[in-house]
Amino acid sequence: MSRTARTRTLRRRLRGLALVAALASACGSGAPPDSRPIPAALPAAQREATRRLPLDGAQNARDLGGYVNEQGRAVRWGVLYRSDALADLSDDDVAYLARLRLRHVVDFRSQQERERDPDRLPDAVPVSWRPVFGEALDPQELRERLLSGDARADEMARMLIEGNRAFVHDFAPVYAAFLRDLGDPRNLPVLFHCTAGKDRAGFAAALALLAIGVPRETVMHDYLLTNGYSEPSTGRMLLVLRVASLFRTDPDDVRPLFEARREYLQAAFDRIDESYGGTSRYLRDGLGLDDATLAQLQANLLEP
């Protein structure tokens, strides 16, 4: 069998197994959309326990409410939502999102990712496409590398570390536009996402929280929640890759690609400190946000 034919066979096998994994993950809550809790609508004491949104087709969706900033003010519930891909949402999931009354969705995926896995959303919700990595990261090329067994744990981890560093400089205009959007109350509530919901969306969540004074350690705590939320789907995907690669891919070698690790986001923090001397100067000099915009972010995203 030629290399091209073998690659096509592996692609078909991966698609089939991915479908099985998706169907397995669709076991989710199974509850009707009207009965699924919305964190912001619950008594304050119950919100933290229900931070993760009860979606069947997205495992890493959450409300960013409740985190407390350095002045003791809490992030408003029901305003900022982050998520992984929305292509596999069920009809009930879409109905649930409609109950959140979203006014804006921000998609950080590349054009290739969007075309392959289009979002499922309530009707008439405006979407802004703000690609991070764009065409520089070819999902198909990465997929073929994973299937070939040509992946090593240290290389996968280094890819994520370098990616987080790149967010700070290379994609500053994208993230600056995202934060300016949050300064307009007409865009709220907003849901923003990428594919896994941990790196591109994770840095966006970090910036939104940092911009309103939430401490870095709290930001890191939210970033690492991904691992608990996504572990079931990560385990299924690693099994898919193991089988689809004809057992050439070692799950331990590719696991770093599917996890949120402290050193990934810390690499972005370190780059901010090395280049700008801290978050405040990065927001102003790196992202070009003025005092009026930062004040509006606090007014929109924090409890009085």
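The values are calculated or read from the model by the stated rules, or taken from the named source; none is laboratory data. Source: prediction; values computed, not measured. FYI the Cβ positions are ideal-geometry reconstructions off the backbone, even for glycines, and counts take in every protein chain you see.
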Criterion first (farther than 24 Å from Q296 by Cα and not aliphatic (A, V, I, L, M)) does D199 satisfy it?
yes
Note on S25: of the conditions (1) of a type outside the set (A, V, I, L, M, F, W, C); (2) within 16 Å of S233 (Cα to Cα); (3) at pLDDT 95 or above, unmet is (3)
Among residues belonging to the range 210-219 that are of a type outside the set (K, R) and over 14 Å from the mean Cα position of the chain (by Cα), point out the one that is nearest to V68 (Cα to Cα).
V214
Give the residues of the range 243-258 that are out of contact with any helix residue (DSSP H, G or I) (no Cβ under 6 Å at 6 or more places or on another chain) and under 24 Å from D56 (Cα atoms), sorted by residue number.
R255
Only one of D123, D117 is modelled with pLDDT of 90 or more and under 29 Å from L302 (Cα atoms); which?
D123
If we keep just the residues of the range 263-292 that are over 24 Å from the mean Cα position of the chain (by Cα) and hydroxyl-bearing (S, T, Y), which is surrounded by the most Cβ atoms within 10 Å (Cβ to Cβ)?
Y276
Search result, residues across the range 283-303 that are free of Cβ contacts under 8 Å to residues at least 12 places away in the same chain and not in a helix (DSSP H, G or I):
D290
Does at least one position in the range 226-241 carry a residue that is in contact with a helix residue (DSSP H, G or I) (Cβ under 7 Å, 6 or more places away or on another chain), in a helix (DSSP H, G or I), at pLDDT below 95 and farther than 21 Å from N60 by Cβ?
no
Restricting attention to the range 34-82, and to residues there that are of a type in the set (K, R), part of a loop (DSSP other than H, G, I, E, B) and farther than 18 Å from D93 by Cα, which single residue is farthest from the chain's Cα centre (by Cα)?
R73
